[in-house]
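The values are calculated or read from the model by the stated rules, or taken from the named source; none is laboratory data. Because the structure is a prediction, the values reported are computed rather than measured. Here the Cβ is made from the backbone with ideal geometry for all residues, glycine too, and neighbour counts use every protein chain on show. Calculation scope for accessible area: heavy atoms of the full protein, side chains included, ligands and nucleic acids excluded. Shrake-Rupley method; radii C 1.70, N 1.55, O 1.52, S 1.80 Å.
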Amino acid sequence: MARSGAAAAAQPDGRGCCGSCGSYLTSAKFLLYSGHALSTWGDRMWHFAVSVFLVELYGNSLLLTAVYGLVVAGSVLLLGAIIGDWVDKNPRLKVAQTSLIVQNACVILCGILLMMVFLFKTELVALYQGWLLTLCYILVITIANIANLASTATAITIQRDWVVVVAGDNRSKLADMNATIRRIDQLTNILAPMAVGQIMTFGSPVIGCGFISGWNLMSMCVEYLLLWKVYQKTPALAHKASGKMDESELKQLNNPKEGESKANEGVKLIEGKDLSIFEPQQEAEVSFCSRVAEPFITFRDGWVAYCNQSVFLAGLGLAFLYMTVLGFDCITTGYAYTQGLSGSTLSLLMGASAVTGIMGTVAFTWLRRRCGLVRTGIISGIAQFASLVFCVLSVFMPGSPLDLSVSPFTDISARLFESSPLPTMAPEPVLPEVPFTTVMPVLANASAFVNGSDPGVTPNSMPLVSVSLLFTGVIAARIGLWSFDLTVTQLLQENVIESERGIINGVQNSMNYLMDLLHFIMVILAPNPEAFGLLVLISVSFVAMGHVMYFRFAQKTLGSSVFQCCSRELKAGANDPSPSDTSDVSSA
């Protein structure tokens, strides 16, 4: 009898486990996860495929891929603040739907254009001395860049704004949602390229383009529906603080019967703004110069607002972590091939990296509950830097190709002044089509081509102590890296006012891309394997500087007793979901 009473108390609605599961599957949180998973899956497939397509189109050369990467990074760097400002000034649903449609429509259009180029490449080469084919290349890169800018807007509005509103005032729920979204990113980053890679390997480039276009068309419809459902289930999404308010919103803001907290919040949001926007005024013609200058003013105001944020040092510290070669990108992969690691070994290492990345998201949620948000960033930074010590040791271990006597500019000057002509897009002679299955070995041996060595020869006889220590440090550092990334992300979510979330996160993306560009420039200046050890040391130095900036932020926020408090709370095992240091750091 007592057991049945307890069961009834545990299941007051009579639905049981099935009912609870059904409620979760229809909740706004799960719908948001589903939409993000679909969006990220499509993004990862496209980013992987477009690089391979551009290599295949341009005669197995990396030129178009490099141009595409430069255009994408430069566009986000210059337009990040403007995109964020557009996110702030428009309703949430309109921003999400518009960016979703633009992103997927551009990918679909780009996929169809690539299909036409692959099918009629021979005819396009013969027309207008190859200029029509060049125009197609320009269109592909331009449309793909627009898709990436729309993807940036989607990421800002969903991951930096909608998530905060869905979580409400529950910071533990916000931390869990951030961690879950990052786990979805980790899984799709591995699985999506594998899936589309199999399709392209056993099919053809045309089939790959058609599959990605069809996927994005179906995914766009489902994501649109999921966004609408989330919007309906979260009424708070319909109310957005903005610098521009209509008359009814202004009356509510100035209503003395409203709660004191709302009134104070309203005063905070409009402080420093031009109050003349709330006054009725005649429509005046805006001069052409003012319209031209508006994006530049937005760019300037965005960066000024970013620098004035209380979490500025934390965001800058995160950006400095992008200035590194210690990640699973094409640079580190190419270096690993020159050191004798096989493709299968690298795939296993990438899988291990994904596992440690997921462990980092789990560590973040646990540490935040035990130590608080700000102290979690300190512990994560120490863990990441301690892991990178293995990378520093690898530079001086047997098997390391470090040789500072080799000038890093030797290979560049040899390339610039070599007698053989550089590859052009001249229509004659027309070379036979290269099988698509040869593209991946070309990408894998890109570093060997750059350094003028034979890509078919791998130095299997060299000791693997150095490269083993290098990847041990890189993989282990992912735990601290992703925990630190989630810490700074939530700090930005909690401490940036609602009316500035878009522009501040847009500038943060610009900072990240700026440091990423600098790391590519660093590699271009020193492309030979003998200088890779020097790049490792520079990368670790930038990571250290980033964490020093965060430590300075934490010191301002928590005071000098930060480490004693953290140690004491770890030993005590406090279970408080909202530790004291998670309060608004703007009061520090």
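Numbers at a glance
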| item | result |
| --- | --- |
| Sulfur and carbon atoms: percent of accessible area, the range 55-150 [1.4 Å] | 78 percent |
| Cα-Cα separations in the range 136-183 greater than 12 Å, expressed as whole percent | 68 percent |
| Whole-percent carbon and sulfur share, accessible surface of the range 320-362, 1.4 Å | 76 percent |
| Sorted peptide list for 313-323, 158-168, 294-304, criterion being average Cβ within 10 angstrom, highest first | 313-323, 158-168, 294-304 |
| Residues of the range 479-519: accessible area per residue with a 1.4 Å probe, Å² | 19 Å² |
| Rg [Å, one decimal], Dmax [Å, integer] - the range 130-250, C-alpha atoms | 19.5, 61 |
| HN-Hα J in Hz across the range 74-86 - Karplus 6.51, -1.76, 1.60, θ = phi - 60°, x for Gly and Pro | x, 5, 5, 4, 7, 10, x, 5, 5, 4, x, 5, 5 |
| FRET efficiency for Ile497 and Leu534, using Cβ-Cβ distance with R0 set to 35 Å, rounded to 0.05 | 0.25 |
| Length added when fully stretched, Ser344-Ala238, from 0.36 nm per residue minus Cα-Cα | 33.2 nm |
| Translational D in µm²/s for the range 315-386 (Stokes-Einstein at 20 °C, 1.002 mPa s, Kirkwood Rh from C-alpha pairs) | 151 µm²/s |
| Listed residues Leu217, Leu237 arranged by accessible area, highest first, probe 1.4 Å | Leu217, Leu237 |
| Exposure rank, largest accessible area first [Lys556, Lys29; 1.4 Å] | Lys556, Lys29 |
| Stretch gain in nm, segment Cys21-Glu294, where the contour uses 0.36 nm per residue and the Cα spacing is subtracted | 93.3 nm |
